[in-house]
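To start, the structure under review is shown below, and the notes come after it.
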Amino acid sequence: MFPSRPGALVLGSDFKSLGVVRSLGRRGIPCAVVDSLPRSAWFSRYVARRFRWRGHLCGPAFLDFLLELAVREDLTGWVLIPGQDEALELVAQNSDRLSHAYRLVTQPWELLRWAHDKRLLNLAADEVCLPHPHTWYPGNEDELQQLDVLFPAIIKPASSIDLQYRLGRKALPALDRDELAASYRVAARVVPPEQIMVQEIVPADGQYSVAAFCVDGRIASAMTARRTRQFPIDYGLGSSFVEAVEVPGLIAKAEKLLFRLRISGMVEVEFIRDSRDGEHKLLDVNPRPWGWHTLCIAGGLDFPFMTYELAFGRLPAAVLPAYGLRWIRLLTDAPAGLQSIRAGILTPGAYVHSLWGRNVFSVFDLRDPMPSVGDLAVVLCRVLQRAANRRTLPELSAGRGPIRGEKVAG
């Protein structure tokens, strides 16, 4: 029997969700996960129940499944925490129905869509005078050819989920007009043309983030971090090496945007520092658990528990973070390091030296060892899927990729 304290149902079971269930489970809060593919959190000792769904965590059928699950498994009143973008969108768009079964930590779609859709996000950033990379919005290929694009550039969707699932990438390269057209055609086979954006590649000397917990757009607690490496190194699917470092003024920049968006809950705001003018320019906003949120937990900011508490109307106390820790996802940082060495960004000695210090690992934990097995299985599956994608869309493999040694906005 579970204790009387309501539990948490986490949608997704990757390492982001693993951080959530470990945070809550260590406090005696019962946790359950839903996923289509058992991943690292599925095997955690802190997960009491596991529910398999055949398909993506979105759509009307999945919504009906969640509503039926609350009744069948006696989960009514549990906190519902989306760990993936598509699940976040589903919960936000159906908050009225789901709120009858669960306690929600996801804001309604009319608010959340401003963070979810990069076109609206850039519009909100313009309203508060927050700089972001130059971006163009062609409605079709004819309009694309008329754009005065600054090269090098990338093609990316307003929401990257479909492109990630199909191609294993967040963006496609466009180093000249020929490649711009070719990448556009590849993207148009995956996402609707009206969702496609063209964005300049920002020559950067670093990518940074603000990790925060907000209530109605006001930051209660926050920290800054440098996202030192990502994998792949050009337009990475996620960070692989993150350092908790203080970045003066960055939290204030993020709060201007978060207040405009009226965000409540845990959120990451991503920036890239433009080497041309030294400005931090907005890249993205993630109003859900992000890859390295466990670095924040280690630094004293337990955002998943704050999220759980807010679901019951309990406002978290302000916390000052500890800096100096580093977060590593070894399964992707090792290949990221190899790519960086081949590109001349790092020497082998510099890469090895970067691994020494006070480290937090994305999955490995001696107190909860089994998720490491599931994590390895996921990586192997992704390698096989990317190989299949290259066979399906061979023109993508012909892209010239990033400029040697250059970090880019992805």
Q) In a GNM of the chain with a 10 Å cut-off on Cα contacts, which of Thr106, Thr224, Thr76 has the highest mean-square fluctuation? A) Thr76
**Q.** Helix-only [θ]222 nm of the chain, DSSP H runs n ≥ 4, -39500 (n - 2.57) each, per residue, nearest 500
**A.** -11000 deg cm²/dmol
Q) Residue by residue through segment 115-129, which ³J(HN,Hα) values in whole Hz follow from phi under the Karplus form 6.51 cos²θ - 1.76 cosθ + 1.60 (θ = phi - 60°), with glycine and proline marked x? A) 8, 7, 9, 5, 5, 5, 4, 5, 5, 5, 5, 4, 5, 9, 6
Q) For the cross-link pairs Lys256/Lys281; Lys16/Lys281; Lys156/Lys253, which exceed 18 Å when the distance is taken from alpha carbon to alpha carbon? A) Lys16/Lys281; Lys156/Lys253
Q: Can you tell me the FRET efficiency between Arg97 and Glu309 if r is taken as the Cβ-Cβ distance and R0 is 22 Å, rounded to the nearest 0.05?
A: 0.35
**Q.** Nitroxide proxy distance, nm - points 7 Å out along Cα→Cβ at Tyr323 and Asn140
**A.** 5.2
**Q.** Three-way shape label, segment 265-361, alpha-carbon gyration tensor, a/c 1.5
**A.** prolate
Q.
Run the numbers for Asp117 and Lys256: contour at 0.36 nm per residue of separation, minus the present Cα-Cα distance, in nm.
A. 48.2 nm
Q. In whole Hz, what ³J(HN,Hα) sequence does segment 76-81 give by Karplus (6.51, -1.76, 1.60; θ = phi - 60°), x for Gly and Pro?
A. 4, x, 6, 7, 9, 10
Q. Against the longest principal axis of the chain, how steep is helix 371-392, in degrees 0 to 90 to the nearest 10, with axes from Cα atoms?
A. 40
Q: Working with all protein chains in place, sort Tyr308, Tyr323 by solvent-accessible area computed with a 1.4 Å probe, largest first.
A: Tyr323, Tyr308
**Q.** In degrees, nearest ten, helix 15-25 long axis to first principal axis of the chain (Cα)
**A.** 20
Q.
Test of understanding: in a Gaussian network model of the chain with alpha carbons linked when under 10 Å, which of Ser354, Ser221, Ser240 would top the mean-square fluctuation ranking?
A. Ser354
Q.
Using Cα springs under 10 Å in a Gaussian network model of the chain, which residue among Leu167, Leu346, Leu121 shows the largest mean-square fluctuation?
A. Leu346
Q: Could I have the simple spin-label model distance between Leu380 and Ala181, label points 7 Å from Cα toward Cβ, reported in nm to one decimal?
A: 4.4
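The values are calculated or read from the model by the stated rules, or taken from the named source; none is laboratory data. Predicted model only: the values in this text are computed from it and were never measured. Every residue, glycine as well, gets a Cβ built from its backbone with ideal geometry; the counts of neighbours run over all protein chains shown. With ligands, DNA and RNA removed, areas are computed over all heavy atoms of the protein, side chains included. Shrake-Rupley method; radii C 1.70, N 1.55, O 1.52, S 1.80 Å.
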